[in-house]
Amino acid sequence: MRAFRVAYDGSDYSGFQRQPHGETVENAIFAGLRALGIEFDGGAPVDYAAAGRTDAGVSARAQTVAFDAPAWLSARAFNSELPASIRAWAAADVIGAFHATHDATERRYRYFLHASTADDELARDACRRLSGERDFHNFTPDDSGTVRDLSVSIRRDGEFLVIDCRAGGFARQLVRRLVTGIESVALELREPAFIDRALGPKPLSGPEGIAPASPEPLVLLDVSYPGVEFELDAEAHSIAREIFQRRRTRRLATARVAGSLLNDEP
């Protein structure tokens, strides 16, 4: 068994999990592994599992996939059959009982919220109210598994509030709805006590409901596996950095173009 750290730009994909219709990260990974001759059991590689699912548009720095892989399958070999927007950059040999989903002890997500006019102290207060073991049934469409022990923190980075969320696991859309709640308080659209009400037993719906924030600013930053030592593939990591830097540069240029459309100067 081998486990791989995989980074991807989610803007190109309809989410992580494979689907019969629409291109997903997992579809691309499976296509690459088939091209490399990796053995499959039904629709997936033998003993395959991933750390978790990400929604359409969400990116990852350390998504983790594990499966029965030959010793020659390095991160570089893996990348030879992957699109440039998906890059393996580290690997670890793991025991046969390893499960990339169930053996993860912590997942960390980061959201880059553009909030130049937000009140940072109100945002921090909302984070404090959301941290700890809570029932987040108003922050997810899930009907079960809504009780989670979360750590939510923020820091200011220019015009952005960088929101970090840590937990053993996350219900669907939980981080994106947490962001909506934090933003609404930080912009003084809702009172801080709204967070307490949302964490209470009463369902919120209609105008009081909490919609998910946009997926594109969200990144699966890290997944923890005690006792598993991932070995960095220096060449694969360097190439991945170059690829994502080029993608970043293109987006900066696109943002400048969009800004020029708002400029009345000739």
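Just one of the listed residues (246, 177) is touching a Pro at 6+ places or on another chain (Cβ under 9 Å) and modelled with pLDDT of 95 or more, and it is 177. Against the test of being surrounded by 14 or more Cβ atoms within 10 Å (Cβ to Cβ) and either closer than 26 Å to residue 75 by Cα or not acidic (Asp, Glu) (or both), the options 252, 204, 232 yield a single qualifying residue, 204.
The strands (runs of 3 or more DSSP E) found wholly in region 78-153 and carrying at least 3 residues that are surrounded by 14 or more Cβ atoms within 10 Å (Cβ to Cβ) occupy 86-93, 106-114. Screening the candidates 182, 163, 195 for the property of being more than 21 Å from residue 216 (Cα to Cα) and in the same structural domain as residue 130 (by TED's automatic domain parsing) yields one hit, 195. Per the listing 18, 61, the residue uniquely touching a residue at least 12 places away in the same chain (Cβ under 8 Å), part of a strand (DSSP E or B) and among the charged types (D, E, K, R) is 61. Would you check which residues across region 213-234 are without any contact (Cβ under 8 Å) to a residue 40 or more places away in the chain and over 20 Å from residue 50 (Cα atoms) and list them? 234, the sole residue that qualifies. If you filter region 194-221 down to residues that are over 15 Å from residue 123 (Cβ atoms) and assigned to a helix (DSSP H, G or I), you find that the one that is nearest to the chain's Cα centre (by Cα) is 198.
The values are calculated or read from the model by the stated rules, or taken from the named source; none is laboratory data. Keep in mind that this is a model prediction, so the values were computed, not measured. Cβ atoms come from the backbone with ideal geometry, glycine included; neighbour counts cover every protein chain shown.
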